[in-house]
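Structure, as structure tokens:
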Amino acid sequence: MRSLPYFLAILIMGQGFGQQDTLEIAEIVISATRTEKKLTAVPMPTLLIKAKEIQITGTSRLQDLLTEQVGLSVVPQINGFGNGLQVQGLNPDYTLIMVDGEPVIGRLTGNLELNRFTLGNVKQVEIVKGPSSSLYGSEALGGVVNILTQSASENKAIVDLKHSTNNTYDLGLQGQVVIKDFSLTGFVNHFRTDGFDLFENSFGQVVSPYYNTTLQLKPKYEFKQAHVLSIHTRWFKETQDNQYQVISGVDSIRVSGQAFVEDLSLSPRLKLRLNSRTFLSLHYYYSKYSTQTELFEIDDQKQYYTDDFKQELQKPEFITNLQFDGGHTLTAGAGAHFESVETSRYGDAELKEQQSYFGFAQHEWSLADKWEFVSGLRYDRNAVYGNQWSPKFALQYTFNKNLSLKASVGTGFKAPDFRYLYLNFRNSAAAYSVFGTEQVVAQLQQLEKNGEILLYFSNPNEIGKLDAERSLAFNLGLHYNIKKDFTLDLNLFRNDLEGLIESIPVAMTTDMRNIYSYDNIKQAYTHGGEVSLKKTWNSGIQIHFSSQWLFAKDKEIVSEINRGQIYGRDPVTKESYRISQSDYFGLYNRSRHTEMVKVFYTPKQGQWDASIRMTYKSKFGIQNSAGSVQGINRPSSDINGNAILDRYDHFVDAYVLVNASLGKTIGNRLYIQCGAENITDFKDPINLPQLPGRILFIKLNFKIFKNNAI
């Protein structure tokens, strides 16, 4: 009976609708080159999602939006660390997430919780695939997601309310004020949910109840000389009421407690127009992220776990933009990163600091309306992981108005994060310790002095220095207008990664306790392709089909298979057999095939809009350290004991998700929408705990006033 109000909403929608715009692809993006550029002229693979598409689909959180984009995959991270985003098969910590061009901090085990970001005031989301370190430095090894928020253009106020299954509320209020040369954009959002449970007979929930609030303010002043001063502020705070079951060795323990997250950022920006062809921008960015968690055992109220984490980033930067005759544009800049972390996760809980300095330059050349060239180079200086050069080159050739070809090559890097450098973790129950590379030498020396070292697995003189992880990537793309409203986009990609950081055993103590640290030992690659077909009719119907095929493998495993060194063992007969290259599936948590079909209905003169979106993901595997869900261990895919994913292992089955929405505009102010996510109610609690089942929603959008009309 709880679903009845959602469908009754369709019946009560009245007549007298206002005009709806068609779903269109916007022309201008800024993230690919840090300059305003037509999407059709960008020689790198770039996706653009406009506010209109966000409205029609009914999505309100970044995670839900990115799940439906070709070439992107949201993968579950177990044990409370959120969900990560893969781009072209690369791990989530290789993609830079930005809000209005500035990086978002607060990664846990390399992942950034995507549900931290509301879409209520988003103008557009830009996604650049492939390494972007030549412009943005570390974390942009795999690509960039830039969330651009609304700026005031008129006086208006809009309230937005969404209610969905699991007693979930999403309330937003947006206001814009323009007074001569001054404008102010304000936005507040409150999100609350009871969470969800997938195991009726287990204690607690898969996702515990939580609520959060987001506040954003963006004042801007335009001077007579066309200079612009703006201040971007964002504040986010979340509280979660945890109650769940955890596994500790052979014990299963019930715990409860609260977790708090706070995220604050401030960015004053001054853009100076020196003349009609020369611009200078001065930016300062400050961000602070903190979490606090305390859990108690329910049986005796003993403290089970406590965690404090604080991270700060300061980034001063200047950027100059010069335009020359002949279609040349030069963009150059320099700045610094001052980053610090203070956390109980690193043993001594002392403040850890790191500084880096950077400079970059980029040249764009538009030649004869046929050629687009982009070349760039960035230099990052850091005393811990070494200096980094990040070049990139891209070009596009337009044969005619219907056909263009683009190609790009570039390098990217990912700096070792603080956990690899300063972790100081001891697990007495499991008899092992893990020390970051800046800690391990001192710890080994102390243990050696105490006579506690039994043997070394690695040379102590070679332990303690990490380099940045690096990649070399190629993209080759094609855009073809088959007919006036029928387009084809194709992109082939290859990413070669080296120096990937892995844990390694370094010593064993006299009480048989293993000691681990980190080293740059792993190499991998991902390659594949993406194809997109889009057809639009005058009636307002648009059908969009997209597909990605992906191969992601460990290069060392490939070499060992070629040498005949990897075997599998039948779990029943105990017989061994040699693994061939055709048997090796690849890296975990990656589907070979992903297909999407989206159908939109947005008539030019109509008041209704609708959408139905289907996503197919082929089988994939789960790695050994997959954690637990609500006190239940996730089984590894590796059933033949060779520590790789091959065709003899257990896979998570392929699945399909179907989402739909239906909306109507009433008059000039009210928009009502209802819809469903995961219509078929597909669930796989152990392997896909991020899927709560079918979600029904109703959404209201009301313009309180526009241009002083109330």
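Laboratory data are not the source of any read-out in this text; all were calculated from the coordinates shown. Everything numeric in this text was worked out from a predicted model, so none of it was measured. Counting neighbours? That spans all protein chains shown, and the Cβs are built from the backbone with ideal geometry, glycine included.
Considering only alpha-carbon pairs that sit under 8 angstrom and 6 or more positions apart, the relative contact order computed for the chain is 12 percent.
Taking packing as the residue-averaged number of other Cβ atoms within 10 angstrom, the listed peptides 436-446, 126-136 run from highest to lowest as 126-136, 436-446. The distance linking segment 98-174 with segment 39-59 is 13 Å (Cα centroid to Cα centroid, whole angstrom). The trypsin sites (Lys or Arg not before Pro) of segment 566-662 meeting both criteria, a DSSP state outside H, G, I, E and B (loop) and at most 10 other C-beta atoms within 10 angstrom of the site's C-beta, are 574.
When the chain is described by a simple charge dipole with +1 on each Lys and Arg Cβ and -1 on each Asp and Glu Cβ, the residue from 324, 280, 148 located farthest towards its positive end is 324. Straightening the chain between residue 679 and residue 264 buys 145.7 nm, computed as 0.36 nm per residue apart minus the Cα-Cα spacing. Normalised by the number of residues in segment 41-109, the mean separation of alpha-carbon contacts (under 8 Å, six or more apart) gives a relative contact order of 15 percent. Pull up the DSSP beta bridges for the chain and report the antiparallel fraction as a percent, rounded to 5. Antiparallel bridges: around 95 percent, rounded to the nearest 5. Each stretch of four or more DSSP H residues adds -39500 (n - 2.57); spread over every residue of the chain, this sum gives -1500 deg cm²/dmol at 222 nm. Taking a cut-off of 20 Å, what percent of all Cα-Cα pairs in segment 309-417 are separated by more than that? Percent of Cα pairs beyond 20 Å in segment 309-417: 57. The trypsin sites (Lys or Arg not before Pro) of segment 376-484 that meet both conditions, a loop assignment by DSSP and at most 15 other Cβ atoms within 10 Å of the site Cβ, are 401, 465, 484.
In this model, which of 406/522; 302/683; 156/237; 315/522; 315/352; 483/619 are farther than 28 Å apart at the alpha-carbon? The pairs that break the limit, which is 28 Å between Cα atoms, are 406/522; 302/683; 315/522; 483/619. Just need the relative contact order of segment 273-397 here, percent rounded to a whole number, with Cα pairs under 8 Å and 6+ apart. In percent, rounded to a whole number, it is 17.
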